[in-house]
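Notes for the one structure printed next.
The values are calculated or read from the model by the stated rules, or taken from the named source; none is laboratory data. The shown structure was predicted, so the numbers you read here are calculated from the model rather than taken from an experiment. A quick note on method: Cβ atoms are made from the backbone with ideal geometry, for glycine too, and the neighbour counts reach across all protein chains shown. When the accessible area is computed, the model is the full protein with side chains, heavy atoms only, and any ligands, DNA or RNA have been set aside. Shrake-Rupley method; radii C 1.70, N 1.55, O 1.52, S 1.80 Å.
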Amino acid sequence: MWKETIEKYEQALDYMEQVKGRGIVLGLDSMRRLAERMGNPQDDVQFVHIAGTNGKGSVLGFLSTVLKYAGYRTGRYSSPAVFSRLEQIQVNGRPISRADYAAGMEAVRQAAEELEAQGYPYPTPFEVETALAFWYFREKQCEIAVLEAGMGGLTDATNIVGTTVAAVLTSISMDHMGMLGNTLEEIAVQKAGIIKNNCYVICMKQAPPVMDTVERICEEQGATLRIADVSSARKIRYGIERQRFSYGDLDDLVISLPGRFQTENAVVAVKTIETLRDCGFPVSEKMLRKGLLETRWPGRFTVLAKRPYFIIDGAHNVDAAQKLKESVRFYFTNKKIITIMGIMKDKEYEKIAALTAPLAEQVITVAAPGNGRALPAYELAGVVKEYNPNVTAADSLQEAVEMSYLLADRDSVILAFGSLACLGKLAGIVANRDKIRRDAHGRSGES
């Protein structure tokens, strides 16, 4: 039975590899057809839908964990994967199983092939995975699911949902300009496209062009807007292991996610939980506190090792790079910093390099293996050199890790950031390296 499950799961992965070449297509027609062919599973679940440039994943992590502890059968869907494809789709914090992944993907494949036979375009990879998530949430009878928009919002595949109880807008800044627009107002229109008629909207307080756009769309949709003013958080105490803050009537809230920006994301989550009480999903203060504390989110200023610190972070746009810079300067003043940097070529990599390269004593550039969007390491090194002459292009992620450890001492900080496509592989390399080192230390101790 186990062997059969593994075979079917591998077939499902092979199928996704075949679909991969179809790229990104914005628009909802194809996704609507695919969902309809599968019986519109998304209609049987209520959603908290999240859009924004940065912070979506962390807010999703906070909300889904709190709702789980509050006793709701809670789904969550995020992208891209950092460590495993299975982690993208979860119910109550447990990733979809290989067996369910294979069964769901078979249902999606059959529907997609029927549509193709009728002359419709084949669904894109993101549409396929989104349909799988909706199918799984219905199969597991989720009461509520927290859904992260992939790109933008208005024409994102996730936006076929019509049962949104709360639309959440995290920090909005310039990103994906080729797809979403060239001004903050244009990008805000895309992100705010997840707002549905008469739903609640929780929006992080933002720059006037964004707020004006969100307020206008809320008025048009008859939606109730609530502002999460992150500047009103107080008694903030930052740390790598724990961070504390007070907000509204709640004193001494504790989160485990590091990074100075995470208190901002936690404020958005708290405001959303308060709002969900008006939507029929009450959460006690005890469970709110427990959920915030227990939330983990891989790839966001995540500490993989200590002495030296090895940290990974998914900063892949200018706003995230600025937040990363602030966190590094705050937590690691006067520390030797070595960075491993990999960026996609459709990002503002020169601006990201200008922000982050001066932080480091040495920069090592990499490219995500097997990803056509990845900026070649040597090209990225040429850009970084304008801001830091101490830069080397690595031929592989393994070489980058080994090089970083050779350059570091026990008090140094190795920071790998940029493309999420690199981070999972880097984490595996670091974990394997540490295991080999521990095993060798154990053997030497026995002799």
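Here the calculated FRET efficiency for residue 4 and residue 334, from their Cβ-Cβ distance with R0 = 51 Å, stands at 0.35, rounded to the nearest 0.05. Here the scattering of the range 28-130 is modelled by Debye summation over its C-alpha atoms, one equal scatterer each and no solvent; at q = 0.10, 0.21, 0.23 Å⁻¹ the log10 of I(q)/I(0) is -0.32, -1.24, -1.36. Packing here is the average count of other Cβ atoms within 10 Å per residue, and on that basis the peptides 328-337, 291-300, 206-215, highest first, run 291-300, 206-215, 328-337.
Over 32 Å, how big is the tail of the calculated P(r) for the chain, in percent of all Cα pairs? Value for the chain: 39 percent of Cα pairs lie more than 32 Å apart. Leaving out same-chain residues fewer than 8 places away, which aspartates and glutamates sit with a Cα under 13 Å from that of residue 8? Reachable aspartates and glutamates: 100, 106. Toward the positive end of the charge dipole of the chain, with +1 on the Cβ of Lys and Arg and -1 on the Cβ of Asp and Glu, the farthest Cα among 151, 70, 162 is that of 70. Over the residues of the chain, the helix contribution to mean residue ellipticity at 222 nm works out to -14000 deg cm²/dmol, using -39500 (n - 2.57) for each DSSP H run of at least 4.
Which helices pass in the chain if a helix is a full DSSP H run, must span at least 24 angstrom along its long axis by Cα, and must have mean Kyte-Doolittle hydropathy not below 1.0?
None clear 24 Å together with a mean of 1.0.
With a cut-off of 11 Å between beta carbons, the residues surrounding residue 235 carry a summed charge of +1, where Lys and Arg count +1 and Asp and Glu -1.
Of 374, 123, 288, which is farthest along the charge dipole of the chain in the positive direction, counting Lys and Arg as +1 and Asp and Glu as -1 at C-beta? Among 374, 123, 288, the one farthest towards the positive end of the dipole of the chain is 288. Expressed as a whole percentage, what fraction of the accessible surface of the chain belongs to carbon and sulfur atoms when a 1.4 Å probe is rolled over the protein heavy atoms? Solvent-exposed carbon and sulfur of the chain make up 47 percent of the total.
With the charge dipole of the chain set up from +1 on Lys and Arg Cβ and -1 on Asp and Glu Cβ about the Cα centre, the Cα lying farthest toward the positive end among the listed residues 396, 223, 137 is that of 396. If R0 equals 25 Å, the separation of the Cβ atoms of residue 242 and residue 351 corresponds to a calculated FRET efficiency of about 0.20. Our summary gives the chain a relative contact order of 15 percent, counting only alpha carbon pairs under 8 angstrom and 6 or more residues apart. Excluding residues fewer than 8 places away in the same chain, name every one of the aspartates and glutamates whose C-alpha is closer than 18 Å to that of residue 385. Partners within reach: 348, 350, 361, 395. Placing a label point 7 Å from the Cα of residue 432 along the Cα-to-Cβ direction, the residues of the range 301-323 whose backbone N falls under 20 Å from that point are 304-306, 310-313.
Between beta-carbons, use under 15 Å as the cut-off and find the net charge around residue 35, counting Lys and Arg +1, Asp and Glu -1. Net of charged neighbours comes to -4.
Quick one: which of 323/351; 205/271; 68/205; 347/425; 286/323; 325/347 span more than 19 angstrom between C-alpha atoms?
68/205; 347/425; 286/323
3J(HN,Hα) along the range 41-51, derived from phi through the Karplus expression 6.51 cos²θ - 1.76 cosθ + 1.60 where θ = phi - 60°, amounts to x, 5, 6, 8, 10, 9, 10, 9, 9, 10, 9 Hz, with x in place of Gly and Pro.
Pairs of Cα atoms nearer than 8 Å and 6+ residues apart set the relative contact order; for the range 282-374 it is 23 percent.
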